[in-house]
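As structure tokens, the structure follows; a few thoughts come after it.
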Amino acid sequence: MRMDIIPYAGLCNRMRVMASGYACARELGYSARVHWTWSLAECRAKFQDLFELPSLPELEIVETNSLLYHPDNHLNLHLPSLLRSVAFKRVVKDYNFRDAECRQSLSSHLKQQQISGDFALCSMHQCGPNYPLKEIFRPRAEILREIDALVPEESATDMVGVHIRRTDHAIAIKYASIEAYATAMQEELERNPSCRFFLATDDASVKDELTRRFGKERLVTAQLVLRRDARDGMVGAVIDLFSLSRTGRIIGSFRSSYSEIAAELGNSPIRLP
């Protein structure tokens, strides 16, 4: 039996769906086939542009641009949902382990509902509590070299990561100002005057402002293309994400999967400004 996993939305939402969906599939004794759509504006890159193919049992990753695997919305007249209802015997859509009404993992839910046989999971949400994030997502060698140059593993724990999401997340913008992040960073300096910061942000003006305040010697940041709808922008997102994950602790953005996944990858404590 097989679970077809159709992740959508941005990079970190996809990562969480893929890893938690795969964990649920293995718990059920299913194989897992991930359909990675590479042409969508939220994440315009192929899986192998960003990561090495994982060598995990019963996991297949398929690069696709078929409408069958797109998220459905009013712009595409909800055709993907209609196509999936024909292509698959059963479609589980937007199952969310974190939701108050979904208090069990997808695998437990399916067992309880006595559902068996092949089916598709189409989601941007976490599907279970434990999943092999680091085993599935290993940056390509040339990307890893850039990460090593920015935040070497041997010195990473002395750095504080700062993730400031500004261009596409209204809740994160409303929750904390740039001044609030600067205050949190100053607090870190008071605890440890020799600490340095790695800054990941989607706003070039934020980089300029915090570099002006804290200086180039104390603030490490990558000069990247800051766009989701371009391959180079997605490569940059991976560089920032894994660099952030290497820091000893993270000052993150409110309700941002990017901050959360960075913390999970590095087992780093995370706080909000």
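The values are calculated or read from the model by the stated rules, or taken from the named source; none is laboratory data. Here the structure is a predicted model, which means the values were calculated and not measured. Ideal geometry is used to build each Cβ from the backbone, glycine not excepted, and the neighbour counts take in all protein chains shown.
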If Ser20 satisfies every condition in (1) modelled with pLDDT of 95 or more; (2) among the small types (Gly, Ala, Ser); (3) within 28 Å of Ala230 (Cβ to Cβ); (4) not in a helix (DSSP H, G or I) but one, which is the exception?
(4)
Under 7 Å between Cβ atoms, which residue pairs at least 6 apart in sequence (or on different chains) link something in segment 29-41 that is more than 16 Å from Arg2 (Cα to Cα) with a partner that is at pLDDT below 95 and of a type in the set (Asp, Glu)?
Ala41/Asp229
Conditions: (1) surrounded by 21 or more Cβ atoms within 10 Å (Cβ to Cβ); (2) of a type outside the set (Lys, Arg); (3) within 21 Å of the chain's Cα centre (by Cα). Leu210 meets all but one. Number of the miss?
(3)
Residue that is nearest to His109 (Cα to Cα), among those in segment 28-82 that are assigned to a helix (DSSP H, G or I) and polar (S, T, N, Q):
Ser81
Among the residues of segment 213-247, write down those that are touching a residue at least 60 places away in the same chain (Cβ under 8 Å) and over 19 Å from the mean Cα position of the chain (by Cα).
Val220
May I ask you to verify whether Phe198 is within 15 Å of the chain's Cα centre (by Cα), aromatic (Phe, Trp, Tyr) and within 23 Å of Ala141 (Cβ to Cβ)?
no
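Conditions tested, residue by residue: (1) farther than 21 Å from Lys46 by Cβ; (2) crowded, with 18+ Cβ neighbours inside 10 Å.
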position: Asn65; (1), (2): no, no
position: Pro71; (1), (2): no, yes
position: His74; (1), (2): yes, no
position: Leu77; (1), (2): yes, no
position: Asn96; (1), (2): yes, no
position: Ala100; (1), (2): yes, no
position: Ser108; (1), (2): yes, no
position: Gln113; (1), (2): yes, no
position: Gly117; (1), (2): yes, no
Looking only at residues in segment 13-58 that are among the hydrophobic types (A, V, I, L, M, F, W, C) and more than 26 Å from Gly236 (Cβ to Cβ), which one is surrounded by the fewest Cβ atoms within 10 Å (Cβ to Cβ)?
Leu56
When residues of segment 102-152 are limited to those that are assigned to a loop (DSSP other than H, G, I, E, B), out of contact with any Phe, Trp or Tyr (no Cβ under 9 Å at 6 or more places or on another chain) and assigned by TED's automatic domain parsing to the domain that holds Tyr22, the one modelled with the lowest pLDDT
Ile115
